[in-house]
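Student: There's a structure below that I have some questions on.
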Amino acid sequence: MSYTRQALRGDLLGGATAAVVGLPFALAFGVASGLGPMAGLYGAIAVGFFAAVFGGTRPQISGPTAPIAMAMAVVVATHADNMAEAFTVVIMAGLIQTLLGAIRVGRFVAYAPFSVISGLLSGVGIIIILVQTLPFVGAPVAIGGPVETVRAWLDARHDVNYSALAIGVVTLAVVVAWPKRLRTYLPPTLIALLAGTLLSALWLSDTPVVGEVPMGLPELQLPDVSVDALAGAVLPALIIALLGAIDSLLTSRVADSMTRTRHDQNRELIGQGIGNMAVGFIGGLPGAGVTPGTMANLRAGGRTPLSGALLAAILLALVLALGRYVEFIPHAALAGILIKIGWDIIDWQFLTRIHRVQPEHLLVMAVTLGLTLVLDLVTAVAIGLIAAAVASARQFERLDMDSVVSTPLPEQSAGPAADGSGTVTSFTERVGLVSLTGSFSVISASKLINTISADIRQHEVVILDFSDTVYMDDSAALVLERLIDMAIAEGTTCMVMGLGGRAAITLHALNVLRRIPADRFVATLDDAQTTARRLLES
């Protein structure tokens, strides 16, 4: 058998396996988002196909994911009376992803702080569990997220549907306890969905079910292009785009580790963006790279985009042929599956090490988690990123300032005085050496002048040592200019030693050193000492 035939067989089997794994997820996330089960299937079809064809991770399977489903639930709740605006958000999110890939910033998207991602994932997991507790006992989902869900518990406890509760318990038990040796061939989520649906259809019929769903192909959804709609769509679209990008690129890393290959980050974002734009036009749930589906595809032998395209074809056939059977699926069965998904999404690895986490990282994680629960994902991610940036800035500031050393010249290297009087100590006290080691940026710029200005006033000559300076941005360079001006105003002579590399480019471009004469630029410490002695004697 040729390699081509083996690869084809692997892709066919991988696509079919991924479709079996992805079907329950698509239905469950569609319900959780508020768009309905068919929207989840439409999303799995469109994102799965276009991300496979145009994406940059060959074996990756794409479709609805939990973080995006929860973010979309916020969008749906906000635009419940005008779904055109909601799908405008989806289309804009896909456009943003496409632009991110086109301008080649894919590798920077993956730099999102782990503390923010951890808080977000844990918050999403907790929300899924909380929200699904109501349909788990036969009650309708509370409008308003986890806070309203907790308030609705008081009413739900007096009106429990025990048939729904039984279905939910059985479904959850199947997902949790399904034997590992059978998981490769029979995904637990699919078996749990079938078990819960059969229980409802054959014995426990007095339980809420999905009900009538639209059949056939989806209708075209035209976006709302009014100024107000577009302006209101920017922030939620940006959050969905970033969530999807991070989700996809993290899944791409998993695929790389299993195949020992390397994905194209920018092309992957373009593929995901095209898929999500298509989803917005057909009223589906946006998506990203799906880790369980990708792993199922790889384990079955899928290695090329054909497996992702085949998954979309299989799900489309199911929509056309079996769509009418979706209406018999009980909400409690989907709730049981989602509760297990929520439990798995919580970042237990981080939480079990919480006592060892640095305080600033713990604070960022806690802020993101708390805002996810109390407010919404959009606000949580935005403020979480700001908090992470502030925490990182403080850390970089400390590191930058540790690299600034301002001390008198060491006596043993000063040499004898020119007049032979042996006044070495006098020379070293009059000449200061300011070493700038490492990188200096806007983070440390404002504090740089406060740290060394006092030392400048204490010396008649100050040597600015750039020998070990790696990088200096515009802000730090302009602060250095202020230091030089202050030194000149105090009557202190400035010298420059060892200037080169990228720091020299920045300083010369801004003409920061224009007030320092050319004869005060030296290369080594010996040259600096000689020049400094000449300046003191003149």
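Student: Taking ARG5 as meeting all but one of (1) touching a residue at least 60 places away in the same chain (Cβ under 8 Å); (2) out of contact with any strand residue (DSSP E or B) (no Cβ under 7 Å at 6 or more places or on another chain); (3) not aliphatic (A, V, I, L, M), write down the number of the exception.
Tutor: (1)
Student: What number of residues within region 460-505 are part of a strand (DSSP E or B) and surrounded by 17 or more Cβ atoms within 10 Å (Cβ to Cβ)?
Tutor: Narrowing region 460-505 to residues part of a strand (DSSP E or B): 461-465, 469-472, 493-497.
From what is left, the residues that are surrounded by 17 or more Cβ atoms within 10 Å (Cβ to Cβ) are 461-465, 469, 472, 493-497.
So the count comes out to 12.
Student: Let me ask something else. If I filter region 169-190 for residues that are more than 19 Å from LEU375 (Cα to Cα), in a loop (DSSP other than H, G, I, E, B), over 34 Å from the mean Cα position of the chain (by Cα) and of a type in the set (A, V, I, L, M, F, W, C), do I get at least one hit?
Tutor: Here is the first cut: in region 169-190, the residues more than 19 Å from LEU375 (Cα to Cα) are 169-190.
Subsequent filtering for residues that are in a loop (DSSP other than H, G, I, E, B) retains 178-179, 184-187.
This time we only want the ones that are over 34 Å from the mean Cα position of the chain (by Cα), so: none.
Taking every residue of region 169-190 in turn, none turns out to be more than 19 Å from LEU375 (Cα to Cα), in a loop (DSSP other than H, G, I, E, B), over 34 Å from the mean Cα position of the chain (by Cα) and of a type in the set (A, V, I, L, M, F, W, C).
Student: Can you name every residue in region 69-116 that is under 23 Å from VAL47 (Cα atoms), part of a helix (DSSP H, G or I) and modelled with pLDDT under 80?
Tutor: GLY106, ARG107, PHE108, VAL109 - these are the residues of region 69-116 that are under 23 Å from VAL47 (Cα atoms), part of a helix (DSSP H, G or I) and modelled with pLDDT under 80.
Student: Right, ALA201: out of contact with any His (no Cβ under 9 Å at 6 or more places or on another chain), part of a helix (DSSP H, G or I), aliphatic (A, V, I, L, M) and buried (at least 18 other Cβ atoms within 10 Å of the Cβ) or not?
Tutor: Answer is no for this residue.
Student: Related question: Go through region 114-128 and give me each residue that's open to solvent by 40 Å² or more (accessible area, probe 1.4 Å) and closer than 22 Å to GLY168 by Cα. Outline the logic, then answer.
Tutor: From region 114-128, those open to solvent by 40 Å² or more (accessible area, probe 1.4 Å) are 114, 121, 126; that's our starting set.
Residue satisfying the conditions is ILE126 alone.
Student: Taking region 11-28 as the region of interest, how many residues are open to solvent by 10 Å² or more (accessible area, probe 1.4 Å) and of a type outside the set (S, T, N, Q)? I'd like the intermediate steps shown before the answer.
Tutor: Of the residues in region 11-28, the ones open to solvent by 10 Å² or more (accessible area, probe 1.4 Å) are 12-13, 16-17, 20-23, 25.
Restricting the remaining residues to those that are of a type outside the set (S, T, N, Q) gives 12-13, 16, 20-23, 25.
Qualifying residue count for the region: 8.
Student: List pairs: first residue in region 269-285 and under 13 Å from ILE45 (Cα atoms), second residue open to solvent by 40 Å² or more (accessible area, probe 1.4 Å) and of a type in the set (Asp, Glu) anywhere in the structure, Cβ distance under 8 angstrom, at least six positions apart or on different chains.
Tutor: ILE282/GLU219; GLY283/GLU219
Student: Further question on the same structure: Would you pick out the residues in region 20-48 that are within 23 Å of ARG9 (Cβ to Cβ) and out of contact with any strand residue (DSSP E or B) (no Cβ under 9 Å at 6 or more places or on another chain)?
Tutor: VAL20, VAL21, LEU23
Student: Ok, one more. Condition first: at pLDDT below 80, aromatic (Phe, Trp, Tyr) and surrounded by 15 or more Cβ atoms within 10 Å (Cβ to Cβ). Can you find one or more residues in region 428-450 that meet it?
Tutor: There is at least one residue in region 428-450 that is at pLDDT below 80, aromatic (Phe, Trp, Tyr) and surrounded by 15 or more Cβ atoms within 10 Å (Cβ to Cβ).
Residues are listed down the side, and each one gets a yes or a no for (1) without any contact (Cβ under 8 Å) to a residue 40 or more places away in the chain; (2) open to solvent by 30 Å² or more (accessible area, probe 1.4 Å); (3) outside any helix (DSSP H, G or I):
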residue	(1), (2), (3)
THR133	no, yes, no
ILE143	no, yes, yes
LEU154	yes, yes, no
HIS158	yes, yes, yes
ILE167	no, no, no
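Student: From the list ALA380, ALA321, ALA309, exactly one residue is closer than 30 Å to ILE45 by Cβ and free of Cβ contacts under 8 Å to residues at least 60 places away in the same chain. Which is it? Spell out the reasoning first.
Tutor: Numbers: ALA380 fails: free of Cβ contacts under 8 Å to residues at least 60 places away in the same chain; ALA309 fails: free of Cβ contacts under 8 Å to residues at least 60 places away in the same chain.
Being closer than 30 Å to ILE45 by Cβ and free of Cβ contacts under 8 Å to residues at least 60 places away in the same chain holds for just one of ALA380, ALA321, ALA309, which is ALA321.
Student: Moving to a separate point now. Please verify whether GLY56 is touching a residue at least 24 places away in the same chain (Cβ under 8 Å), not in a helix (DSSP H, G or I) and not acidic (Asp, Glu), treating the condition exactly as stated. Please lay out each step first, then the result.
Tutor: Details: touching a residue at least 24 places away in the same chain (Cβ under 8 Å): yes; not in a helix (DSSP H, G or I): yes; not acidic (Asp, Glu): yes.
In short, yes.
Student: Could you count how many residues in region 227-266 are of a type in the set (Gly, Ala, Ser), under 17 Å from PHE87 (Cα atoms) and open to solvent by 50 Å² or more (accessible area, probe 1.4 Å)? Don't jump to the end; show me each part of the working.
Tutor: From region 227-266, those of a type in the set (Gly, Ala, Ser) are 229, 231-233, 237, 241, 244-245, 248, 252, 255, 257; that's our starting set.
Subset that is under 17 Å from PHE87 (Cα atoms): 229, 231-233, 237, 241, 244.
With the extra rule that they be open to solvent by 50 Å² or more (accessible area, probe 1.4 Å), the set shrinks to 231.
Looking only at that region, the number is 1.
The values are calculated or read from the model by the stated rules, or taken from the named source; none is laboratory data. Remember, predicted model here, so these are calculated numbers, not experimental data. Note that we place each Cβ from the backbone using ideal geometry, even for glycine, and neighbour counts take in every protein chain shown. Areas reflect the complete protein model, heavy atoms only, side chains present, ligands, DNA and RNA absent. Shrake-Rupley method; radii C 1.70, N 1.55, O 1.52, S 1.80 Å.
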